[in-house]
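S.K.: Structure below; questions to follow.
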Amino acid sequence: MNAYFLPPEWYGQDAIMLTWPHEQTDWKSNLAKVEPVYVELSQQICARQNLLIVCNHDGLKQSVEKLLEQQQVDLKRVHFVVCPTDDTWARDHGPITLINKQGNLLALDFTFNGWGNKFNACNDNQINQHIFKQFSINYQALEFVLEGGAIEADGNGCLMVTSECLLNPNRNPSFTKDEIEQQLKRHFGCSKVLWLEHGALDGDDTDAHIDTLARFAPANKIVYQGCDDPQDNHFSSLAKMKSQLAKFTNHLDQPYKLYQLPWPDAQYDMHNQRLPATYANFLIINGAVLLPVYGVKQDQQAIKIMQQVFDKHEVIPINCLPIIEQFGSLHCITMQLPQGFLQQV
């Protein structure tokens, strides 16, 4: 059997991909606050594995190298790809990489259309081709529109998605739900698709990506973003989401063990727009979980719960307040690259 499948995020990784922010992006006015978060991420990642950084031009690469060197990041673990970029959301424009039982890799390059043509994404949609060429990656290019933040894999044949995102006519309007499900099963080697019908965060431009709401964890667990404030406008939809998660079953038709994350205090930008602060947007790396926190009283409880869920990982909080000012969080700016991806390096 050479069948490829989508491994869970806790599968061994070669590297994490970042697409570095620059002055031609919407981060321009916020770079001084955002770059330190990217540096901290780089430090934590390079302590455990490699890092692949996409830079908009060679001058940016040189400045990032200097910045990381000043912070004692091991540059031998950092690999750069220089190509034009529109933005920084590597989770959604990065490659989604499959494996098979022989340890071979197949990187899928789905079409990225800026979350339904909300934003220009012509350059970001080409980033993967630059990566594949530089690292001699086995890949398949697909016209189907899909972002990495829209899917969650449990590693046992189940995929979790949201209807609001995958059935949105701004992605693949000519496909029915059944046709989309067949596409997912075929491309990801999964046997079951779990469709979440409820849950969305104010300030989320992605049409309710699953990685802001509910995530798989090892040993048949789902950890999800709860809301315990009846006065908050998220209360009803997240309560319905919780009820639906309780009905989901795995490949053996067994229920998942559910863990609810606390609801962080509401965060707003300078224009009083609600920002999508969520603890569910964490990143799993080799031996650790990088957890977005927001400088609020619920942070410590979130860390405690995540340490229960990921009892074989170290939970490391990363303050992501500067990141959510562009309406995404930690998982959204990263993409894991599984073992073997950098074997040519």
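S.K.: Out of segment 283-298, which residues are within 20 Å of residue 258 (Cα to Cα) and either surrounded by fewer than 16 Cβ atoms within 10 Å (Cβ to Cβ) or over 20 Å from the mean Cα position of the chain (by Cα) (or both)?
M.R.: 298
S.K.: Give just the number: which of (1) over 21 Å from residue 45 (Cα atoms); (2) touching a residue at least 60 places away in the same chain (Cβ under 8 Å); (3) not acidic (Asp, Glu) does residue 308 not satisfy?
M.R.: (2)
S.K.: Could you check segment 241-290 and list, in sequence order, the residues that are touching a residue at least 40 places away in the same chain (Cβ under 8 Å), among the small types (Gly, Ala, Ser) and part of a loop (DSSP other than H, G, I, E, B)?
M.R.: 277, 280, 287
S.K.: If residue 223 passes every condition in (1) within 20 Å of the chain's Cα centre (by Cα); (2) surrounded by fewer than 17 Cβ atoms within 10 Å (Cβ to Cβ); (3) not hydroxyl-bearing (Ser, Thr, Tyr) but one, which one does it miss?
M.R.: The single condition residue 223 does not satisfy is (2).
S.K.: For segment 115-148, name all the residues that are buried (at least 23 other Cβ atoms within 10 Å of the Cβ) and under 29 Å from residue 251 (Cβ atoms).
M.R.: Once the filter is applied, which keeps residues that are buried (at least 23 other Cβ atoms within 10 Å of the Cβ) and under 29 Å from residue 251 (Cβ atoms), segment 115-148 yields 146, 147, 148.
S.K.: Let me ask something else about it. Counting just the residues of segment 177-215 that are of a type in the set (D, E, K, R), out of contact with any strand residue (DSSP E or B) (no Cβ under 9 Å at 6 or more places or on another chain) and under 28 Å from residue 226 (Cβ atoms), which one comes out modelled with the highest pLDDT?
M.R.: Residues of segment 177-215 that are of a type in the set (D, E, K, R), as a first pass: 177-179, 181, 185-186, 192, 197, 202, 204-205, 207, 211, 215.
Keeping just the survivors that are out of contact with any strand residue (DSSP E or B) (no Cβ under 9 Å at 6 or more places or on another chain) gives 178-179, 186, 204-205.
Going one step further and asking which of them are under 28 Å from residue 226 (Cβ atoms), we end up with 204-205.
Working: 204: 78, 205: 74.
Restricting to residues being of a type in the set (D, E, K, R), out of contact with any strand residue (DSSP E or B) (no Cβ under 9 Å at 6 or more places or on another chain) and under 28 Å from residue 226 (Cβ atoms), the top hit is 204.
S.K.: For the subset of segment 27-58 comprising residues that are assigned to a loop (DSSP other than H, G, I, E, B) and more than 20 Å from residue 331 (Cα to Cα), which member is nearest to the chain's Cα centre (by Cα)?
M.R.: The residue in question is 56.
S.K.: Filter segment 177-191 for residues that are in a helix (DSSP H, G or I) and more than 21 Å from the chain's Cα centre (by Cα) and give the result. Before you say what the answer is, go through the steps one by one.
M.R.: In the first step, residues of segment 177-191 are kept if they are in a helix (DSSP H, G or I); the result is 177-188.
Of everything in segment 177-191, those that are in a helix (DSSP H, G or I) and more than 21 Å from the chain's Cα centre (by Cα) turn out to be 177, 178, 179, 182, 186.
S.K.: Which is buried (at least 16 other Cβ atoms within 10 Å of the Cβ) and more than 20 Å from the chain's Cα centre (by Cα), of 76, 61?
M.R.: On the way: 76 fails: buried (at least 16 other Cβ atoms within 10 Å of the Cβ).
Step by step, each of 76, 61 is checked, and only 61 is buried (at least 16 other Cβ atoms within 10 Å of the Cβ) and more than 20 Å from the chain's Cα centre (by Cα).
S.K.: Looking at residue 73 and the list (1) in contact with a Cys (Cβ under 6 Å, 6 or more places away or on another chain); (2) part of a helix (DSSP H, G or I), which single condition is not satisfied?
M.R.: Among (1) in contact with a Cys (Cβ under 6 Å, 6 or more places away or on another chain); (2) part of a helix (DSSP H, G or I), the lone unmet condition for residue 73 is (2).
S.K.: Sticking with this structure for a sec: Only one residue in 143, 147 is touching a residue at least 40 places away in the same chain (Cβ under 8 Å), among the acidic types (Asp, Glu) and closer than 23 Å to residue 7 by Cα. Which one? Please lay out each step first, then the result.
M.R.: On the way: 143 fails: touching a residue at least 40 places away in the same chain (Cβ under 8 Å).
Every option except 147 fails the conditions.
S.K.: Kindly establish whether residue 280 is at pLDDT 95 or above and surrounded by 22 or more Cβ atoms within 10 Å (Cβ to Cβ).
M.R.: The answer is yes for residue 280.
S.K.: Now, a different point. I'd like the full set of residues that are of a type in the set (S, T, N, Q), within 24 Å of residue 216 (Cα to Cα) and either more than 23 Å from the chain's Cα centre (by Cα) or surrounded by fewer than 14 Cβ atoms within 10 Å (Cβ to Cβ) (or both), limited to segment 250-274.
M.R.: Taking segment 250-274 as the starting set, the residues that turn out to be of a type in the set (S, T, N, Q) are 250, 254, 260, 267, 272-273.
In the following step, the residues that additionally are within 24 Å of residue 216 (Cα to Cα) were identified as 250, 254, 260.
The one that is of a type in the set (S, T, N, Q), within 24 Å of residue 216 (Cα to Cα) and either more than 23 Å from the chain's Cα centre (by Cα) or surrounded by fewer than 14 Cβ atoms within 10 Å (Cβ to Cβ) (or both): 254.
The values are calculated or read from the model by the stated rules, or taken from the named source; none is laboratory data. No experiment lies behind these values; they were computed from the predicted model shown. Cβ sites come from the backbone with ideal geometry, for glycine too, and all protein chains shown count toward neighbours.
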